[in-house]
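Working notes, structure below.
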Amino acid sequence: MKVFLSLPMHGLTREAILDEIAKMELTVEKLYDVEDIEFIMNHNCIPRKGVKHPRPYCLASAIEKIADCDLVVFHPDYRQANGCMIEYEVCHRYHINAYVLSEEEMLS
């Protein structure tokens, strides 16, 4: 099962991003009783040289990855990031399985 993780990243350190990803992965593994989960993320997006707007460039890359996943899991704070909200809207409009983690799920 391929699971895309969507989380706010703008303004966070690499360490903070990796910490949130690890929490999300553990939470998803607890929630879904599936033997083989492949986590897909977009935290390593590097826009090609000369791109005028790197954030939309990386959003396009994320949407391309979402198109190949079985499930998209959203961080509880996804509404704080434009990119995450657009990813959520893509899932909603194109009937892609999506799940928003709660704060309680992330803490347990």
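The values are calculated or read from the model by the stated rules, or taken from the named source; none is laboratory data. The structure presented is a predicted model; accordingly, all values stated were derived computationally and were not measured. With ideal geometry, Cβ positions are generated from the backbone for all residues, glycine too; neighbour counts draw on all protein chains shown. The protein model used for the area step is the full one, side chains on, heavy atoms only, and it has no ligands, DNA or RNA in it. Shrake-Rupley method; radii C 1.70, N 1.55, O 1.52, S 1.80 Å.
Its Cα centre serving as origin, the chain has a Cβ charge dipole (Lys and Arg +1, Asp and Glu -1) of approximately 840 debye. In the chain, the longest principal axis of the Cα atoms and the axis of helix 14-31 are about 40 degrees apart. Counting each DSSP H run of 4 or more residues in the chain as -39500 (n - 2.57), what helix-only mean residue ellipticity at 222 nm follows after dividing by all residues, to the nearest 500 deg cm²/dmol? About -14000 deg cm²/dmol. Legend note: in the chain, cysteines whose Cβ sits 4.7 Å or more from every other cysteine Cβ are 69, 84, 91. Among rounded, prolate and oblate, which fits the chain when a ≥ b ≥ c are the square roots of the eigenvalues of its C-alpha gyration tensor, a/c under 1.5 means rounded, and a/b larger than b/c means prolate? It comes out prolate by the Cα gyration axes.
When the residues 61, 6 are ordered by accessible surface, computed with a 1.4 Å probe over the protein chains alone, the sequence from largest down reads 61, 6. Entry comment: accessible area of the chain is 67 Å² per residue, from protein heavy atoms only and a probe of 1.4 Å.
Just checking the listed ones, 87, 20, 29: in the Gaussian network model of the chain with Cα springs under 10 Å, the one fluctuating most is 29. Accessible surface ranking for 49, 30, 1.4 angstrom probe, highest first: 49, 30.
Accessible surface of segment 19-108, 1.4 Å probe: 50 percent of it comes from carbon and sulfur atoms. Of all beta bridges that DSSP places with both ends in the chain, some 0 percent have antiparallel geometry.
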